[in-house]
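The structure under discussion appears below in the form of structure tokens.
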Amino acid sequence: MKRKLERFRIIEERSNVVDPTKDIYARIKGRWQAEHFKNSNPITLELACGRGEYTVGLAALFPDRNYIGVDIKGERIWKGSTVAVENELSNVAFLRTQILLIENFFEPGEVDEVWLTFPDPRPRKRDIKRRLTNPRFLEMYKRLVRPGGFIRLKTDNTHLFDYTLEELKLRNDIADLVFTHDVYASDLRSECFDIKTRYEEAFASKGETIKYLRFRFSWKPSQK
């Protein structure tokens with residue numbers, strides 16, 4: 001408990017963490033580029049980022065883009081923010097909030113792309129609405145991401161992956177969907193940049209193949 005409290009104290013003092021203890025938390029919506037990053041570079045979100053392996057990994061590879069890891073667990077965010085500080089990654093931020101509230105922090109179209117990396121599969125039937133590829137979350141992503149931006153999912157969980165594919169097939173607004181049930185044996189491997197989360201390493205060591213998909217929402221011009 002003492003270590004946990006100390007880590008919370010640390011992230012409260014860090015400029016790369018936006019959480020309820022900071023004034024900017026209530027007014028960051030629509031101002032990430034101007035007020036936080038102080039540039040006009042595109043924004044990528046890693047939702048339910050955990051320790052933020054993808055957030056910091058991508059930020060190191062692409063310094064001309066901004067990356068924001070989102071999670072409700074402060075102790076996890078501490079780890080990712082620490083790595084960002086140690087590697088002097090100024091294009092990294094972490095937001096502590098629930099994913100359901102994400103639209104309180106971003107304007108429509110403010111986000112360039114979204115990564116879902118090893119989200120909780122929520123296997124129980126009563127938890128279907130909490131899966132991050134449930135229709136209510138997909139609708140949120142559609143509003144948040146600029147037209148043409150990608151949504152990407154990487155997971156070890158076959159049930160969640162197949163559920164996601166079924167949900168996408170039921171929609172009439174999905175474009176450029178590609179997927180694989182074994183990303184490291186596919187030509188899509190390069191899209192994941194061989195960044196591995198702690199969860200991926202754990203499940204891969206048990207023989208699980210890593211699944212990956214990405215898609216865009218299709219947009220039709222309004223009729224006048």
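Matching residues to (1) in contact with a Phe, Trp or Tyr (Cβ under 9 Å, 6 or more places away or on another chain); (2) of a type in the set (A, V, I, L, M):
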site	(1), (2)
PHE105	yes, no
VAL111	yes, yes
ARG126	no, no
LEU165	yes, yes
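Evaluate the following for TYR184: is it surrounded by fewer than 19 Cβ atoms within 10 Å (Cβ to Cβ) and within 30 Å of ASN41 (Cβ to Cβ)? Taking the combined requirement at face value, the residue satisfies it.
Picking from residues in segment 86-120 that are out of contact with any strand residue (DSSP E or B) (no Cβ under 9 Å at 6 or more places or on another chain) and in a helix (DSSP H, G or I), the one that is farthest from ILE24 (Cα to Cα) is GLU86.
Taken together, the criteria place VAL56 among residues that are in contact with a Gly (Cβ under 7 Å, 6 or more places away or on another chain), modelled with pLDDT of 95 or more and in a helix (DSSP H, G or I). Of all the listed residues (GLU75, GLU53, GLU86, GLU35), the sole one being touching a Ser or Thr at 6+ places or on another chain (Cβ under 6 Å) and of a type outside the set (Phe, Trp, Tyr) is GLU53. For segment 62-85, a residue qualifies if it is surrounded by 15 or more Cβ atoms within 10 Å (Cβ to Cβ), assigned to a loop (DSSP other than H, G, I, E, B) and among the charged types (D, E, K, R), and exactly one does: ARG65.
Within segment 48-61, can one find any residue that is charged (D, E, K, R), in contact (Cβ under 8 Å) with a residue 40 or more places away in the chain and buried (at least 19 other Cβ atoms within 10 Å of the Cβ)?
Going through segment 48-61, the residues charged (D, E, K, R) turn out to be 51, 53.
With in contact (Cβ under 8 Å) with a residue 40 or more places away in the chain added as a condition, the list becomes 51, 53.
Restricting the remaining residues to those that are buried (at least 19 other Cβ atoms within 10 Å of the Cβ) gives 51, 53.
For segment 48-61, residues charged (D, E, K, R), in contact (Cβ under 8 Å) with a residue 40 or more places away in the chain and buried (at least 19 other Cβ atoms within 10 Å of the Cβ): present.
Sort through ILE77, ILE68, ILE72 and tell me the only one that's of a type in the set (A, V, I, L, M), closer than 13 Å to ASP19 by Cβ and touching a Lys or Arg at 6+ places or on another chain (Cβ under 6 Å). Sole residue among the options that is of a type in the set (A, V, I, L, M), closer than 13 Å to ASP19 by Cβ and touching a Lys or Arg at 6+ places or on another chain (Cβ under 6 Å): ILE77. Residues of segment 3-40 that are of a type in the set (S, T, N, Q) and surrounded by 17 or more Cβ atoms within 10 Å (Cβ to Cβ): ASN16 alone.
The values are calculated or read from the model by the stated rules, or taken from the named source; none is laboratory data. None of these values were measured; they are calculated from a predicted model. All Cβ positions, even for glycine, are placed from backbone atoms using ideal geometry, and neighbour counts span all protein chains on display.
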